[in-house]
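Structure first, then comments.
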Amino acid sequence: MSNGLPEPQTKLAEVKRGDSWQGLGLITVKLNDAALDLTGASVLMQLRKRPVHGKTIAEWSTARGSIEMIDTANGQFKVVGRVMNVPAGSYAWDIEITLADGRVITIAQGTWRILQDVSR
């Protein structure tokens, strides 16, 4: 499955705590080299200290408007940037899509390091 990210499992670029993160630009979800229709789908991205049983540190979603559908018929969306007011540390993240028919797919996951800042 292609998703517009560099790899299905990847490290996101480090960002300093309290700095503005640019978000993830246009992501195109493909299945067997064809765009996956995301009409009626919801998308969720979570950041957790531990992948299993870890508290959600930050969340982006279509429900909250922090993930924007760009072209649902062509499988395209983007994750909106934000100020990263989370404690410095190494985190697990993933992006999960719930399709209109109820199927759930995880299109990307990895680690993300938030660095300690000095100036506040």
What number comes out for the charge environment of Leu115, summing +1 per Lys or Arg and -1 per Asp or Glu over other residues with Cβ under 14 Å away?
+2
Given unit charges at Cβ for Lys, Arg (+) and Asp, Glu (-), the dipole magnitude of the chain about its Cα centre in debye, nearest 20, is 640 debye
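Take every DSSP beta bridge whose two residues both sit in the chain, then give the antiparallel share in percent to the nearest 5. Mind dumping the intermediate values first?
Values: 35 of 41 bridges.
Roughly 85 percent of the beta bridges in the chain run antiparallel, per DSSP.
Estimate the FRET efficiency between Leu115 and Ser42 by the formula 1/(1 + (r/R0)^6), using the beta-carbon distance for r and 30 Å for R0, to the nearest 0.05. All intermediate terms of the calculation are to be shown ahead of the outcome.
Numbers: r = 31 Å, r/R0 = 1.03.
After rounding, the FRET efficiency stands at 0.45.
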With the dipole of the chain defined by +1 on each Lys or Arg Cβ and -1 on each Asp or Glu Cβ, the option from Asn32, Ala58, Ser42 whose Cα lies farthest towards the positive pole is Ala58
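Over all pairs of distinct alpha carbons, what does the Kirkwood formula give as the hydrodynamic radius of region 9-115, in Å?
Working: mean 1/r = 0.0701 Å⁻¹.
Final number for the Kirkwood radius of region 9-115 is 14.3 Å.
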If amide H atoms are modeled at 1.01 Å from N in the peptide plane, then the residues at a separation of 5 or more from Trp21, or on another chain, having amide H under 5 Å from its own are Arg82, Val83, Met84
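Of the peptides 46-55, 109-118, how do they stack up when ordered by the mean number of other Cβ atoms within 10 Å, highest first?
109-118, 46-55
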Sort out for me the Cα centre separation of region 58-83 from region 90-106, rounded to whole Å.
12 Å
Check which residues have an amide H placed less than 5 Å from Ala41's amide H, if you skip close sequence neighbours.
Ala100
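Each value in this text was obtained by applying a stated rule to the coordinates, not by laboratory testing. Everything numeric here is computed off the predicted structure, so don't read it as measured data. Glycine gets a Cβ as well: all are built from the backbone with ideal geometry, and neighbour counts include every protein chain shown.
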